Amino acid sequence: MFRLEKKPGEDFIVLNLSDPQLGDGEWAEDHPNRLILEGTVRELVKRVRPGLITVSGDLAWAGNDAAYDALADLLDSTGIPWAPMWGNHDNQGGPEKVEAVVKRYLTRPLCLYERGPADLGNGNYVIRIEEEGRPVEGILVMDSHDRAPYVNEKGEKSEEWAKLWPAQLDWYRNEIAALEADGCRDTSLFMHIPIYAYREAHAAAEKPGIDPKSVTPEQADGPGVWNPGYEDSFGVRHEGICSYPADEGMFDLILALGSTKTLVAGHDHVNNTVIRYRGVTFVYSLKAGPGCYWEPSLNGGTVFAVSSEGVREIRHEYVDPAPFAAGRS
């Protein structure tokens, strides 16, 4: 568990970067993808002045050690504490590849990371944002793994995007109880692969008959594409929701405990919707940089402003990548 101090009367700013995902070769000195990612991160830090940077998975590609170290160098250069979590591409090389990165990251003073219980994966931990000794926001970071077996209603077997494990739900329940015992009334859950309930939230919020891929960020910031009751939603969904195809039970637990008001996921690079559904805000973070696949108009990071009562504002900060691609900072 980590503690970060919030100043009374000021918001504590969390900047989330999602899916940077450059390979070793893309970190070459003059590679345009490196220039775009570095320029994007530095511009975001200059704009929002965060107290914490979180990275919601797919930091690089499993086994690309130079890429993981280069990203850590970039984050260290900001002088701001940073907290990583693992995505499917980080996990796809197996636990040994993840642990090799963990050992190096734990030597970096600005990296906030704990392995957590060994039976939950790697990287289940809590960050407490405190004001005058009281936790005003608890950030729970969870490992969403890589793939998991699935059997459909016809009995057909497949490998699908992973889900949180039952033991992780128990861990979550215990951590929420500990935070509440210390007076924390608001928590956020950060992971890479979205939970199943993201499908439910989008089904409830999106107007039928509209092709989500045709909606621009400007069009999505208003009532035109959202059902009644969801007009405050924003962002776009330019691809499907790549969760495990069956409900893992996490959202029912979140509703039962009543503590977590914000869910944050990455994974789907051209989705950046923010939808309030059944009292919980479902966030797809804005992707940082061109790694793997992207849309240049959906480049930047997602900002969470934390008040003395928890998360009070969520917004995307878009960054034009063109100047960085051209070598202009």
Q: Take Asn33 and decide whether it is in contact (Cβ under 8 Å) with a residue 12 or more places away in the chain, assigned to a strand (DSSP E or B), of a type in the set (S, T, N, Q) and surrounded by 18 or more Cβ atoms within 10 Å (Cβ to Cβ).
A: no
Q) Got a sec? Which of Asp268, Asp252 is part of a loop (DSSP other than H, G, I, E, B) and of a type in the set (D, E, K, R)? A) Asp268
Q | Residues being under 30 Å from Tyr150 (Cα atoms) and surrounded by 14 or more Cβ atoms within 10 Å (Cβ to Cβ) - total across the stretch 211-234 | A | 1
Q) So which residues in the stretch 128-158 are surrounded by 22 or more Cβ atoms within 10 Å (Cβ to Cβ) and touching an Asp or Glu at 6+ places or on another chain (Cβ under 6 Å)? A) Ile129, Pro135, Glu137
Q) Residues of the stretch 207-224 being out of contact with any helix residue (DSSP H, G or I) (no Cβ under 6 Å at 6 or more places or on another chain) and under 23 Å from Val303 (Cα atoms), which ones? A) Thr216, Pro217, Glu218, Gln219, Ala220, Asp221, Gly222, Pro223
Q: Could you check, for the stretch 200-219, whether at least one of its residues is hydroxyl-bearing (Ser, Thr, Tyr) and under 21 Å from the mean Cα position of the chain (by Cα)?
A: no
Q) Can you pull out the residues in the stretch 143-171 that are within 27 Å of Val101 (Cβ to Cβ) and more than 17 Å from the chain's Cα centre (by Cα)? A) Arg147, Ala148, Pro149, Glu159, Glu160, Trp165, Pro166, Ala167, Gln168, Leu169, Asp170, Trp171
Q.
Being among the aromatic types (Phe, Trp, Tyr), under 27 Å from Thr262 (Cβ atoms) and touching a residue at least 40 places away in the same chain (Cβ under 8 Å) is true for just one of Trp86, Trp82. Which residue is that?
A. Trp86
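Conditions (1) farther than 23 Å from Ser243 by Cα; (2) of a type in the set (S, T, N, Q); (3) out of contact with any helix residue (DSSP H, G or I) (no Cβ under 9 Å at 6 or more places or on another chain), marked per residue:
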residue	(1), (2), (3)
Asn124	no, yes, no
Asp143	no, no, no
Asp146	no, no, no
Trp171	no, no, no
Asn174	yes, yes, yes
Ala181	yes, no, yes
Q) Taking Tyr196, is it of a type in the set (Phe, Trp, Tyr), closer than 27 Å to Gly235 by Cβ and in contact with a Leu (Cβ under 8 Å, 6 or more places away or on another chain)? A) no
**Q.** Pairs where the first residue, in the stretch 154-173, is without any contact (Cβ under 8 Å) to a residue 24 or more places away in the chain and the second is in a strand (DSSP E or B) and surrounded by 13 or more Cβ atoms within 10 Å (Cβ to Cβ), C-beta under 7 Å, 6+ apart
**A.** Ser158/Tyr150; Glu159/Arg147
Q: Kindly list, by first and then second residue, each pair from a residue in the stretch 178-196 that is among the polar types (S, T, N, Q) to a residue that is modelled with pLDDT of 95 or more and assigned to a loop (DSSP other than H, G, I, E, B), limited to pairs with Cβ atoms under 6 Å and residues at least 6 apart or on different chains.
A: Thr187/Ser259
Q | Some residue of the stretch 57-65 being in a helix (DSSP H, G or I), more than 18 Å from Glu317 (Cα to Cα) and at pLDDT 95 or above | A | yes
Q: Could you pull out the residue among Ser243, Ser297 that is hydroxyl-bearing (Ser, Thr, Tyr), assigned to a helix (DSSP H, G or I) and more than 24 Å from Glu137 (Cα to Cα)?
A: Ser297
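A quick yes/no check of all residues on (1) modelled with pLDDT under 95; (2) of a type in the set (Lys, Arg); (3) out of contact with any strand residue (DSSP E or B) (no Cβ under 9 Å at 6 or more places or on another chain); (4) over 21 Å from Val14 (Cα atoms):
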{"residue": "Ala178", "(1), (2), (3), (4)": "no, no, no, yes"}
{"residue": "Tyr196", "(1), (2), (3), (4)": "no, no, yes, yes"}
{"residue": "Arg199", "(1), (2), (3), (4)": "no, yes, yes, yes"}
{"residue": "Glu206", "(1), (2), (3), (4)": "no, no, no, yes"}
{"residue": "Val236", "(1), (2), (3), (4)": "no, no, no, yes"}
{"residue": "Arg278", "(1), (2), (3), (4)": "no, yes, yes, yes"}
Q. Where in the stretch 69-142 are there strands (runs of 3 or more DSSP E), lying wholly inside it, with at least 1 residues that are over 21 Å from Lys287 (Cβ atoms), over 17 Å from the mean Cα position of the chain (by Cα) and of a type outside the set (Gly, Ala, Ser)?
A. 125-131, 134-141
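The values are calculated or read from the model by the stated rules, or taken from the named source; none is laboratory data. This is a predicted model, so every value here is computed, not measured. FYI the Cβ positions are ideal-geometry reconstructions off the backbone, even for glycines, and counts take in every protein chain you see.
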